[in-house]
Amino acid sequence: MARLTLADGRALDYQVRQSARAKYMRMQLHPTHGLLVTQPPGVSARALHQWVLSQQPWITAALQKLAQHPPPAAAVSTLPERLALLATGENLHVIYTPSARKSITLHYLEHATLTLTGAVSDPAHCQQALRQWLRSYAQVHLSKQLRQVAAETGLHYVNCRIKGQQTRWGSCSARGNINLNEKLMLLPPEWVRYVLIHELCHTVEMNHSKRFWALVAGFVPEYKAIHAQMKGAMGQLPGWVR
């Protein structure tokens, strides 16, 4: 971290990111991460700082523009610093690392971190990348858990797909194909198990008749309490996932 004193006396800290692939010095003013400066190979810290000093007119104009047109509060606040995957017990620290890339790459370290690298100055872009990662994560864990629950209950299904439904946690077709919501990864494990059993029971009863609920109760005796607790849960999820 380095510091710049502007012509009006304001002190501005800026973050230097060294890049082996960068050919030119660059800077970016991020609404939450501040001033980010890229240092290419062969450019000394002193030369970089002199270049930053020469860019004061641009920096002052960018700060003024940001003050006049701040990003929507929701766009900034909905980027998570931690990702609590209650279904699997993981609590990941989410790290945003800016780079010159126009895309975003993600690196997942189990039970530790999820790092987004690239065009992280765009909150919508970050949210999309997080949702895509969540879907791939859910594909692995929900598919595995559905196989386990099916084996335990003796209920059979044909295929499992992970989707991003806005109103349903899951669904089951007449052919025995089950769709599960990626957002289930953010729910407690007992809720997730109930949803899986609920959909598996639909492979036997394609309705919500007394026979259906009796079948559910045979595997989840406390299903009524869980069902009541889950009402409104979709709307309480963090904004980035919705």
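Scan segment 142-188 for residues that are surrounded by 14 or more Cβ atoms within 10 Å (Cβ to Cβ), of a type in the set (S, T, N, Q) and within 14 Å of residue 242 (Cβ to Cβ) and jot them down.
Across segment 142-188, the qualifying residues are 165, 181.
Just to be sure before I move on: is residue 129 small (Gly, Ala, Ser) and crowded, with 19+ Cβ neighbours inside 10 Å in the structure I sent?
Yes; evaluated as a whole, the condition is true for this residue.
Looking only at residues in segment 199-225 that are surrounded by fewer than 18 Cβ atoms within 10 Å (Cβ to Cβ) and of a type in the set (A, V, I, L, M), which one is nearest to residue 179 (Cα to Cα)?
For segment 199-225, the residue satisfying everything is 206.
Report whether or not residue 125 is part of a helix (DSSP H, G or I), under 25 Å from residue 22 (Cβ atoms) and free of Cβ contacts under 8 Å to residues at least 24 places away in the same chain.
yes
Do any helices (runs of 4 or more DSSP H) lying entirely in segment 180-230 carry at least 2 residues that are among the hydrophobic types (A, V, I, L, M, F, W, C) and more than 27 Å from residue 164 (Cβ to Cβ), and which ones are they?
210-219
Take segment 1-22 and flag every residue that is surrounded by 10 or more Cβ atoms within 10 Å (Cβ to Cβ) and within 13 Å of residue 99 (Cα to Cα).
Within segment 1-22, 15, 16, 17, 18, 19, 21, 22 qualify.
Could you please find all residues in segment 226-242 being among the basic types (Lys, Arg) and surrounded by 14 or more Cβ atoms within 10 Å (Cβ to Cβ)? Even if it seems obvious, please write down each step before you answer.
Restricting attention to segment 226-242, the residues satisfying the condition of being among the basic types (Lys, Arg) are 231, 242.
242, the sole residue that qualifies.
Looking only at segment 29-44, which residues are modelled with pLDDT of 85 or more, surrounded by 10 or more Cβ atoms within 10 Å (Cβ to Cβ) and not aliphatic (A, V, I, L, M)?
Answer for segment 29-44, where residues must be modelled with pLDDT of 85 or more, surrounded by 10 or more Cβ atoms within 10 Å (Cβ to Cβ) and not aliphatic (A, V, I, L, M): 38, 39, 40, 41.
Out of segment 75-122, which residues are small (Gly, Ala, Ser), buried (at least 18 other Cβ atoms within 10 Å of the Cβ) and in contact (Cβ under 8 Å) with a residue 60 or more places away in the chain?
87, 99
The values are calculated or read from the model by the stated rules, or taken from the named source; none is laboratory data. Values in this document were obtained by computation on a predicted structure and should not be read as measured data. Neighbour counts are summed over all protein chains in view; Cβ atoms, including those assigned to glycine, are modelled from backbone coordinates with ideal geometry.
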